[in-house]
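Peer 1: Mind looking over this structure? Questions follow.
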Amino acid sequence: MNIAVTGGAGFIGSHVVEAYLRAGHEVLVIDDLSTGCRDYVPPEARLVVMDVNDPELSELLAEYHIEVVNHHAAQVSVSVSVEQPLWDAQRNVLGSLNVYEAARRAGVRRVILASSGGTVYGEQQHFPAFESHPLQPLSPYGVAKLAAEQYLLCYSRLYGLEAVILRYTNVYGPRQGTHGEAGVVAIFTGRLLQGEQPVIYGDGEQRRDFVYVGDIAEANVLALLPHAHGIYHCSSGQELTVNALLELLQQLIGTAISPRFAPRRPGEVRRSVCSYARIARELGWQPRTPLPEGLARTVAAFRRQMGNALVS
Ligand SMILES: NC(=O)c1ccc[n+]([C@@H]2O[C@H](COP(=O)([O-])OP(=O)(O)OC[C@H]3O[C@@H](n4cnc5c(N)ncnc54)[C@H](O)[C@@H]3O)[C@@H](O)[C@H]2O)c1
């Protein structure tokens, strides 16, 4: 299959690209490298440096005979969205709409959208949340993700474009940047490895649902199945406090550096945990990587990366 992955030079997108290549697909990466990295794109994939807002996007998709667009390109910071909601909407709402419009004009069959289970619900009323949970985002980022979902579902009803929406919780793993919506694992790991004090916003008792990036990549492969449609959570279904996460990382890294506490950031929810029952039932996906194993792989990858940075 010919697949375009927007944001394929980023953290999650690059793992998705690798999984698609392993499954035997041809992959075109479309990325403006605003936070992504050229080196994350495997040589077997083709990289075109382009903003997803570009009016030429449709011609590009047509030229490569793209059948499926996997849309990961976005500005991914909740706090940036609170500070600059117009910028966030330009990237995440208008950018997504341009992707769908380009896909429609280029005759693309399916769009897979990376959305966010951690932000579209706002403060959850039920634990874990199912995909039908009420939607009351607390941040412009959550609103933009929801708008991107709704436009895609509308394109599906209007034009028959197949729509698969994957709502991730907090994804972590190798190559995660420290700027992200859910970069807490990467940020803590980076600081602890450098012997610096990590910062916890709020009291650290906020709860998150951490899911390993390799498992997310597998969900994106299953999202190609003919019967995949609509909205699916990709999550661990388990909650962990940020304090407990820090303890796990301190043990793994072998350090006792204590955190500094700073005021809670606006737009962030208190407790987030999502059920993956639908995707398990319909597509046979489940999170296979236990947290200690995923964290150990992440720490090892960060150590390698930081070692390389010191050498070069
Ligand atoms: N990290 C998480 O826990 C998480 C959770 C839920 C959803 N998501 C979603 O997953 C996707 C990937 O996030 P990530 O954590 O890998 O972040 P990332 O910043 O590593 O990846 C985003 C990629 O998109 C590219 N990009 C950004 N804006 C672009 C534009 N306008 N045109 C072209 N390329 C652009 C960046 O250069 C980068 O390579 C995003 O849509 C994000 O909202 C992430």
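Quick note: the coordinates plus some simple rules give every number you see, no bench work behind them. For clarity, every value in this text was computed on a predicted model and none was experimentally measured. As a convention, Cβ positions derive from the backbone with ideal geometry for all residues, glycine included, and neighbour counts pool all protein chains shown.
Peer 1: Would you please report the Å³ per residue occupied by the convex hull of the alpha carbon atoms in the chain? Walk me through the intermediate numbers first.
Peer 2: Numbers: hull volume 38.4 nm³, N = 312.
Value for the chain: 123 Å³ per residue.
Peer 1: Using Cβ counts within 10 Å as a stand-in for footprinting exposure, how do 285, 87 rank, fewest first?
Peer 2: Values: 285 24, 87 13.
Fewest-to-most ranking of 285, 87: 87, 285.
Peer 1: Provide 6, 35 in ascending order of the number of other Cβ atoms located within 10 Å of each residue's Cβ, fewest first. Working shown, then result.
Peer 2: Working: 6 28, 35 18.
Going from least to most buried by this count: 35, 6.
Peer 1: For the chain, what proportion of DSSP beta bridges, expressed in % and rounded to the nearest 5, is antiparallel?
Peer 2: Details: 2 of 39 bridges.
Given both bridge residues lie in the chain, the antiparallel proportion sits at roughly 5 percent.
Peer 1: Hey, can you grab everything whose amide H is under 5 Å from the amide H of residue 70? Only 5+ residues off in sequence or another chain; H modelled, so Pro and N-termini drop out.
Peer 2: Under 5 Å from the amide H of residue 70 lie the amide H atoms of 4, 5, 6, 112, each far enough along the sequence or on another chain.
Peer 1: OK, next. Can you tally the net charge around residue 202? Count Lys and Arg as +1, Asp and Glu as -1, for every other residue whose Cβ sits under 9 Å from the Cβ of residue 202. Could you put the intermediate results ahead of the total?
Peer 2: Values: positive: 264, 265, 270; negative: 203, 205, 268.
Net charge around residue 202: 0.
Peer 1: Follow-up question, since we're still on this one. At most 14 other Cβ atoms within 10 Å and a DSSP loop assignment: could you name the chymotrypsin sites (Phe, Trp or Tyr not before Pro) in region 120-183 that fit?
Peer 2: Details: sites: 121, 130, 141, 151, 155, 159, 168, 172; in loops: 121, 130.
The qualifying sites are 130.
Peer 1: Can you compute the FRET efficiency between residue 125 and residue 196 using 1/(1 + (r/R0)^6), with r the Cβ-Cβ distance and R0 = 30 Å? Round to the nearest 0.05. Present the calculation step by step, with values, prior to reporting the outcome.
Peer 2: Working: r = 38 Å, r/R0 = 1.25.
Calculated transfer efficiency: 0.20.
Peer 1: Next question. Based on DSSP H runs of at least 4 residues, each adding -39500 (n - 2.57), what is the mean residue ellipticity at 222 nm of the chain after dividing by all its residues, to the nearest 500 deg cm²/dmol? Walk me through the numbers on the way to the answer.
Peer 2: On the way: 11 runs with 121 residues, N = 312.
That comes out to -11500 deg cm²/dmol.
Peer 1: At R0 = 22 Å, how high is the FRET efficiency between residue 221 and residue 46 if r is their beta carbon distance? Nearest 0.05 is fine.
Peer 2: Details: r = 19 Å, r/R0 = 0.87.
That pair, residue 221 with residue 46, gives E of 0.70.
Peer 1: Placing +1 at every Lys and Arg Cβ and -1 at every Asp and Glu Cβ, with all other atoms neutral, what dipole size does the chain have around its Cα centre, in debye to the nearest 20?
Peer 2: Working: 26 positive and 31 negative charges, 113 e Å.
In debye, rounded to 20, the chain gives about 540.
Peer 1: On to the next question. Where Lys and Arg each count +1 and Asp and Glu each count -1, what net charge lies around residue 98 among other residues with Cβ under 13 Å from its Cβ? Before the final figure, lay out each step's value.
Peer 2: Numbers: positive: 91, 104, 105; negative: 32, 51, 54, 56, 59, 101.
Around residue 98, the charge tally is -3.
Peer 1: Which one of 16, 246, 276 is farthest out on the positive end of the charge dipole of the chain, using unit charges on Cβ (Lys, Arg +1; Asp, Glu -1) and the Cα centre as origin?
Peer 2: Checking the options against the dipole of the chain, the answer is 246.
Peer 1: Please report the projected area of region 240-312's Cα convex hull averaged over all directions, in nm².
Peer 2: On the way: hull surface 31.6 nm².
Value for region 240-312: 7.9 nm².
Peer 1: Mean-square fluctuation check for the chain, GNM, Cα pairs under 10 Å: which of 25, 227, 133 is largest?
Peer 2: Sorting by GNM fluctuation, first place goes to 227.
Peer 1: Say each of residue 286 and residue 203 gets a label point 7 Å from the Cα, pointing the same way as Cα to Cβ; how far apart are those two points in nm?
Peer 2: Inter-label distance under the simple model: 3.5 nm.
Peer 1: For helix 184-193, report the angle its Cα long axis makes with the longest principal axis of the Cα atoms of the chain; keep it between 0 and 90° and round to the nearest 10°.
Peer 2: Helix 184-193 and the main axis of the chain meet at about 50 degrees.
Peer 1: Taking just the C-alpha trace of region 172-248, give me its Rg and Dmax in Å.
Peer 2: 15.0, 49
Peer 1: Now, a different point. Find the centroid of the Cα atoms in region 50-120 and in region 198-236, then give the distance between the two in whole Å.
Peer 2: Result: 19 Å between the Cα centres.
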